[in-house]
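For reference, the structure is listed below as structure tokens.
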Amino acid sequence: MTDSPTGSPSTVLPGITTCGTPVNPPWQHSRVIRSRSGSSVPSRCPQSGAHPRYKAALADPRYTATTLTRAFSGRPARGLVNQFIRDHQDAPAAYPEINNATRPLRAAAAADGDTERMSLWAGQGYRSAAEYPAAEIIERLSTTEDP
């Protein structure tokens with residue numbers, strides 16, 4: 001991943017994924033985007049490579065909260081509260097060991113489409129994630145007035 005002035009091959013702005021749509025130049029929008037979105041905002045866009053069940057979980061009314069957890073990797077990360085997180089609330093701070101130990105579990109959950117065992121990373125504003133094309137998301141975020 002690079003943040004070149006041409007936007008190629010970067011698919012990440014500082015603080016936000018662009019779902020494969022280059023933004024020229026990426027650093028122009030970073031302050032505005034950081035102030036308006038979490039990393040989950042573009043996750044549901046059609047260009048996103050995210051698992052379809054993950055995309056659906058971001059809008060699923062069953063998932064009502066996020067929490068910081070070490071359950072999947074041994075490092076703190078914010079995710080939608082699912083059964084795996086509830087079952088492993090006391091996961092140790094042991095990265096990369098936990099990450100390596102849970103890798104096959106996460107892969108099996110993704111293969112099965114089991115959102116109760118998948119790592120569903122989401123920021124606190126995850127409900128803002130919508131199924132708009134990436135370019136439209138970037139345009140909306142970059143043209144909205146500062147709060």
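Just so you know, all these numbers are worked out from the coordinates, no wet-lab data involved. Fair warning: this is a prediction, and the values are worked out from it, not measured in the lab. Note that we place each Cβ from the backbone using ideal geometry, even for glycine, and neighbour counts take in every protein chain shown.
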(request) Rounded to whole Hz and in sequence order, give me ³J(HN,Hα) for the range 126-132 from the Karplus expression 6.51 cos²θ - 1.76 cosθ + 1.60, θ = phi - 60°, writing x for Gly and Pro. (result) 4, 5, 6, 5, 10, 8, 8
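Grab the other residues whose beta carbon is less than 14 angstrom from that of Gly74, score K and R as +1, D and E as -1, and report the net.
Charge balance near Gly74 sits at +2.
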(request) Evaluate the distance, in nm, between pseudo-label points positioned 7 Å from the Cα of Tyr95 and of Ala135 along their respective Cα→Cβ axes. (result) 3.5
(message) Please arrange His51, His88 by how many other C-beta atoms lie within 10 Å of their C-beta, fewest to most.
(response) His88, His51
(request) Would you mind classifying the range 59-121 by shape? Square roots of the alpha carbon gyration tensor eigenvalues, ordered a ≥ b ≥ c; an a/c under 1.5 is rounded, otherwise it is prolate if a/b is larger than b/c and oblate if not. (result) oblate
(message) Apply the Karplus curve 6.51 cos²θ - 1.76 cosθ + 1.60, θ = phi - 60°, to the phi angles in the range 96-104 and return the couplings in whole Hz, x for Gly and Pro.
(response) x, 4, 5, 4, 5, 5, 8, 3, x
(request) Taking the Cβ of Ala59 as the centre, find all other residues whose Cβ is under 9 Å away and add up their charges (Lys, Arg: +1; Asp, Glu: -1). (result) +1
(message) Give me the extension gain from Leu105 to Arg62: residue separation times 0.36 nm, minus the current Cα-Cα distance, reported in nm with one decimal.
(response) 13.3 nm
(message) Taking the number of other C-beta atoms within 10 Å as the exposure measure, put Arg62, Arg70 in order starting with the fewest.
(response) Arg62, Arg70
